[in-house]
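Note sheet for the following structure.
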Amino acid sequence: MPWYDYTCEVCAEAFEAERTVAKRDDVRCPRCSESRVRRTLPRVHAILRSGSSETACPCGESDSGCGCCGSRN
Ligand SMILES: [Zn+2]
């Protein structure tokens, strides 16, 4: 079963839980037992983002455009 990250909408407790995909929203806060919890993005998301070069300048200088080739986003 995959692990998911959650944040409680009532007490802001951040926690993780092991759940099947079908039951991933069937979870309660371990601190206040509230069922209104928000599932947060898994940590792997940040890794994917840092590995992307789709928005980089063609010369490889900068993510937001550089002076050497005039490329701008
Ligand atoms: Zn809570």
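Any chance region 54-72 includes a residue that's modelled with pLDDT of 55 or more, away from the ligand (no atom under 16 Å from the Cβ) and of a type in the set (Lys, Arg)? Checked against the condition, which is being modelled with pLDDT of 55 or more, away from the ligand (no atom under 16 Å from the Cβ) and of a type in the set (Lys, Arg), region 54-72 yields no hits at all. Flag: Ala22 matches the condition of being away from the ligand (no atom under 16 Å from the Cβ), small (Gly, Ala, Ser) and either exposed (fewer than 13 other Cβ atoms within 10 Å of the Cβ) or modelled with pLDDT of 95 or more (or both).
The values are calculated or read from the model by the stated rules, or taken from the named source; none is laboratory data. Note that the coordinates shown come from a computational prediction; the quantities given were computed from them, not determined experimentally. Cβ: placed from backbone, ideal geometry, glycine included. Neighbour counts: every protein chain shown.
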